[in-house]
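For reference, the structure discussed in these notes is given below.
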Amino acid sequence: MHLNPYGEYAVLLAASLANDWPADRDELERRTLERGMTLTFPPAADDHERVREVIDDWLAIVDEPDPDARAVLLNAQLAQSAAYPRLTNHDGEGWHLHYRDDVPSLPFVLRAIISLGTSLHLVTRGMNRLARCAASPCTNVVADVTRNGRQRFCSVRCANRAAVRRHRARLA
């Protein structure tokens, strides 16, 4: 099975934003660049708010347990931003494909990247590979990019906390 790194990059970026929402647009842009985006976009007054909407729409996909309903939600996201693929060569990246119109808007581009990347992630790795952390009360997103597809926790800390709870429950 071919595992698409574009899907991994997109879901990890979305999970990062969902799990630790940036305080402002500058931090939002910095985080997208740290996670691998190479393009920057002219700032708009509502970028921060509109990207929050993108992430909230993505969280509806994460929280949908039914694969068919998840696909419907994701297809709606794709319809808002995806376009026919086109070859592009910018910022020294070499030739690659963009699956979106050339709209100079951070929210538009993030919606396109996240929806396409999430689609690739789910169809190549499995429709169950996005969830919330299994360590209550944590609600972080887990984008499972593991080889065996069994990641349930957002961090080692949460995995350890759950293990301690299971151990204490056995002793009680």
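Descriptive notes on the structure:
- The set of residues in region 62-74 being open to solvent by 50 Å² or more (accessible area, probe 1.4 Å) and without any contact (Cβ under 8 Å) to a residue 60 or more places away in the chain consists of 65, 66, 68, 72, 73.
- The residue pairs whose first member lies in region 131-159 and is over 21 Å from residue 120 (Cα atoms), whose second member is aromatic (Phe, Trp, Tyr), and whose beta carbons are closer than 7 Å, counting only pairs six or more residues apart or on different chains, are 133/153; 134/153; 135/153; 159/153.
- Pairs, first of a type in the set (Asp, Glu) in region 6-34, second assigned to a loop (DSSP other than H, G, I, E, B), C-beta under 9 Å, six or more apart: 8/145; 20/140; 26/43; 29/22; 29/37; 29/40; 29/41; 29/43
- Those residues of region 119-172 which are out of contact with any strand residue (DSSP E or B) (no Cβ under 6 Å at 6 or more places or on another chain), among the β-branched types (Val, Ile, Thr) and modelled with pLDDT of 95 or more, in sequence order: 141
- Scan of region 8-24 for residues that are open to solvent by 50 Å² or more (accessible area, probe 1.4 Å) and among the small types (Gly, Ala, Ser), ordered by number: 23
- The residue that is least open to solvent (accessible area, probe 1.4 Å), among those in region 75-89 that are modelled with pLDDT under 70 and over 17 Å from residue 51 (Cα atoms), is 83.
- Extreme residue, surrounded by the fewest Cβ atoms within 10 Å (Cβ to Cβ), among residues of region 112-144 that are within 19 Å of residue 55 (Cα to Cα) and β-branched (Val, Ile, Thr): 139
- Residues located in region 25-61, provided they are open to solvent by 80 Å² or more (accessible area, probe 1.4 Å) and part of a helix (DSSP H, G or I): 26, 30, 34, 49, 50, 53
The values are calculated or read from the model by the stated rules, or taken from the named source; none is laboratory data. Keep in mind that what you see is a predicted model, and the values were worked out from it rather than measured. Please note: Cβ atoms are built from the backbone with ideal geometry, for glycine as well, and neighbour counts cover all protein chains shown. Only protein heavy atoms, including side chains, enter the accessible area calculation; ligands, DNA and RNA are left aside. Shrake-Rupley method; radii C 1.70, N 1.55, O 1.52, S 1.80 Å.
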